[in-house]
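Enquirer: Below is the structure I would like to discuss, written out as structure tokens.
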Amino acid sequence: MKKQDTLLNKINDKSAEIAVVGLGYVGLPLAVEFANAGFNVTGIDVSTDKVKKINKGQNYIDDVDDDLLKSLVKSGKLTATSDYSVLKKIDCVSICVPTPLGKTGDPDISYMLSARDAILPYIKPPLLFVLESTTYPGSTNELIVPMMEEKGLKIGEDVFIAFSPERVDPGNPVYQTHNTPKVVGGVTKACTKMASELYGSVIDKIIPVSSCTTAEMTKLLENTFRSINIGLANEIAIMCKYLNADVWEVISAAATKPFGFMPFFPGPGLGGHCIPIDPLYLSWKLKTLDYKARFIELADEVNSSMPEYVIGLISDALNDKAKSIKKSKILLLGMAYKKDIDDLRESPALDVYEYLESRGAKVTYYDPYIPQFKWDNKIVKSKVYNDKLIKSQDCVVVLTAHSNIDYKSIVKNAKLIVDTRNATKGIRNKKIVKL
Ligand SMILES: NC(=O)c1ccc[n+]([C@@H]2O[C@H](COP(=O)([O-])OP(=O)(O)OC[C@H]3O[C@@H](n4cnc5c(N)ncnc54)[C@H](O)[C@@H]3O)[C@@H](O)[C@H]2O)c1
């Protein structure tokens, strides 16, 4: 039997041993999905804390069901380790490690490279190798394929390599790993087929594409589309201020058009591990090819300027009350980068916090999902929410509109509110200053 068929059979009868490298927001839900479908899954993570938690059946990702994780660990379907040598027994491996930006704003692919290098010594053909981490187009062909070939492995025979972007939307109650269509692009047709078979066994719909680069570019188009449209919404919000129009009313009226318009909303800036970062992977790659990705750079400029724009709104609103930012008590409501989740990565609220601190405000925050965060080597803790807290502030700034907050009561008790998310929609009160 051909090596390809041996692996296909193992995938189809679910006897394939699967490893997921990187057990974060993307990797853990994927590992749980595979284990729940009947595969034996080993999660590999450099964080010993995460490994310990999983092996104790303790969940740390909101999108994963606590009881399901516990039962999969108990039944032995899911285990975790920091030891890459388990790869000796693995048939399929998915890489879900971070791909952030470095200090200079260029892609930091070091996590991907270290995962790749840690895997290489343990490859036992046939192996399916899928990269899920978002990266620049060409990465799989440039960073993965040559190293496999140098080891004497034949692509599409000994090792099947594909890129399949993760599209998970943390906190989305409808679309999760299993029902979000999955794009798969392999180095060869056999690679695409192998990866499609594996993912097809746990995900409702697979979209095979002709190459890894197409799959990489698809993911970047999706996130660049969001970044640019949010950038447009942010600039429209600034224009509406000049025109004395309510941007929220403008957008909701435009959204009544049944075709050709999709609403995007302004806010205090972009956050999370995807939208502020991924388009810059694309523009960086194009820079190396002497092409300037103008839309991406402009959207990044507008989106990155929003925290400072919000500071301007706070400053003007306080000024109208004969107050300055300096020494004013300012409470930030919502630090997470989007509503109803506990993710603080790249949150624009951190920039707003920093600007206010540096201008001498007495700044505090309340976020039911973020009990504390580290800032300037200090631990900053969330205030306990009550009416007295709101009444005691010179200004309350809504940065993330979590659903479990009573905005009517905030309007009633606050002296001044700067609302960057339209959380106070439908409430008319002169105390409210909207983005
Ligand atoms: N979070 C999202 O909403 C989302 C959505 C789509 C795509 N993505 C992409 O998926 C990838 C992972 O993102 P995430 O949000 O899950 O990140 P994360 O930080 O939540 O998780 C990554 C995990 O990888 C581990 N890790 C780092 N280096 C490792 C190594 N060498 N070996 C083993 N483990 C290692 C970390 O300890 C961490 O647990 C990124 O490329 C991201 O852009 C994320």
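The values are calculated or read from the model by the stated rules, or taken from the named source; none is laboratory data. All figures in this text were calculated on a predicted structure; none of them were measured in a lab. A quick note on method: Cβ atoms are made from the backbone with ideal geometry, for glycine too, and the neighbour counts reach across all protein chains shown. When the accessible area is computed, the model is the full protein with side chains, heavy atoms only, and any ligands, DNA or RNA have been set aside. Shrake-Rupley method; radii C 1.70, N 1.55, O 1.52, S 1.80 Å.
Enquirer: Test of understanding: what is the full-extension gain from TYR60 to SER75, defined as 0.36 nm times their sequence separation minus their Cα-Cα distance?
Expert: Full extension from TYR60 to SER75 adds 3.5 nm.
Enquirer: Note down the relative contact order for the chain as a percent, whole number, built from C-alpha pairs under 8 angstrom at least six residues apart.
Expert: 10 percent
Enquirer: If you project the alpha carbons of the chain onto the principal axes, what extent comes out on each, in Å, largest first?
Expert: Computed over the Cα atoms, the extents are 81, 49, 43 Å.
Enquirer: Considering only SER164, SER324, SER211, give the residue with the highest GNM mean-square fluctuation for the chain, with springs between Cα atoms whenever their separation is below 10 Å.
Expert: SER324
Enquirer: Could you pull out every one of the aspartates and glutamates with an alpha carbon less than 16 Å from that of LYS257, ignoring same-chain neighbours closer than 8 positions?
Expert: LYS257 reaches GLU249.
Enquirer: Report, to the nearest whole %, how much of the accessible area of segment 78-156 belongs to carbon and sulfur atoms, 1.4 Å probe, protein only.
Expert: 53 percent
Enquirer: Now for a separate question. Calculated FRET efficiency, ARG428 and TRP375, Cβ-Cβ r, R0 51 Å, to nearest 0.05?
Expert: The value I calculate is 0.90.
Enquirer: On a 0 to 90 degree scale, rounded to 10, what angle separates helix 294-304 from the longest Cα axis of the chain?
Expert: Taking the Cα atoms of the chain, the angle to 294-304 is about 50 degrees.
Enquirer: By DSSP, what percent of the beta bridges with both residues in the chain are antiparallel, rounded to the nearest 5? Please report the intermediate quantities before stating the final value.
Expert: Working: 7 of 49 bridges.
Around 15 percent of the beta bridges assigned by DSSP in the chain are antiparallel ones.
Enquirer: At a Cα cut-off below 29 Å, give the lysines reachable from LYS292, other chains included and same-chain residues fewer than 8 away excluded.
Expert: Those lysines meeting the cut-off are LYS103, LYS219.
Enquirer: Still on this model: Subtracting the Cα-Cα distance from 0.36 nm times the residue separation, let me have the gained length for LYS327 to SER110 in nm, one decimal.
Expert: On the way: separation 217, 0.36 × 217 = 78.12 nm, distance 4.25 nm.
Going from the current span to full extension adds 73.9 nm.
Enquirer: Continuing with the same structure: Under 20 Å from a label point 7 Å along Cα→Cβ of LYS189: give me every residue in segment 1-42 with its amide N that close.
Expert: Once the point is set 7 Å along Cα→Cβ of LYS189, 2-9 turn out to lie under 20 Å by backbone N, inside segment 1-42.
Enquirer: Ignoring ligands, DNA and RNA, what percent of the accessible area of segment 275-332 is carbon or sulfur (1.4 Å)? Display every interim value, and only then the final one.
Expert: Values: 1650 of 3090 Å².
In segment 275-332, the share of accessible area belonging to carbon and sulfur is 53 percent.
Enquirer: Hey, can you find the accessible area per residue of segment 160-265 for me, probe 1.4 Å, expressed in square angstrom?
Expert: On a per-residue basis, 49 Å².
Enquirer: With a 10 Å cut-off between alpha carbons and a GNM built on the chain, which of GLY138, GLY260, GLY272 moves the most?
Expert: Highest fluctuation among the options: GLY260.
Enquirer: Counting pairs of Cα atoms in segment 1-80, how many percent are more than 20 Å apart?
Expert: 29 percent
Enquirer: Using a 1.4 angstrom probe on the protein heavy atoms only, could you order LYS425, LYS257, LYS14, LYS154 from most to least accessible area?
Expert: Correct descending sequence by accessible area is LYS425, LYS154, LYS257, LYS14.
Enquirer: Ranking request for peptides 230-237, 415-422: highest mean number of other beta-carbon atoms within 10 Å first, then the rest in descending order.
Expert: Most protected by this proxy first, the peptides run 415-422, 230-237.
Enquirer: Which lysines, if any, have their Cα less than 18 Å from the Cα of LYS10, not counting same-chain residues under 8 positions apart?
Expert: LYS2, LYS77, LYS88, LYS89, LYS124, LYS193
Enquirer: Kindly report the accessible area of segment 62-140 per residue (heavy atoms of protein chains, probe 1.4 Å, no ligands, DNA or RNA), in Å².
Expert: Numbers: 3270 Å² over 79 residues.
Accessible surface, normalised per residue, equals 41 Å².
Enquirer: Quick one: accessible surface of SER315, probe radius 1.4 Å, all protein chains present, in square angstrom to the nearest 10.
Expert: 50 Å²
Enquirer: Over segment 1-60, what percent of the accessible surface lies on carbon and sulfur atoms, probe 1.4 Å?
Expert: 47 percent
Enquirer: Taking a point 7 angstrom from the Cα of ASN404 along the C-beta vector, which residues in segment 356-392 have backbone N less than 12 Å away?
Expert: Hits in segment 356-392 for ASN404 at 12 Å: 367-371.
Enquirer: Would you calculate the separation in nanometres between label points at SER47 and LYS2, each defined as 7 Å from the Cα along the Cα-to-beta-carbon direction?
Expert: Inter-label distance under the simple model: 4.1 nm.
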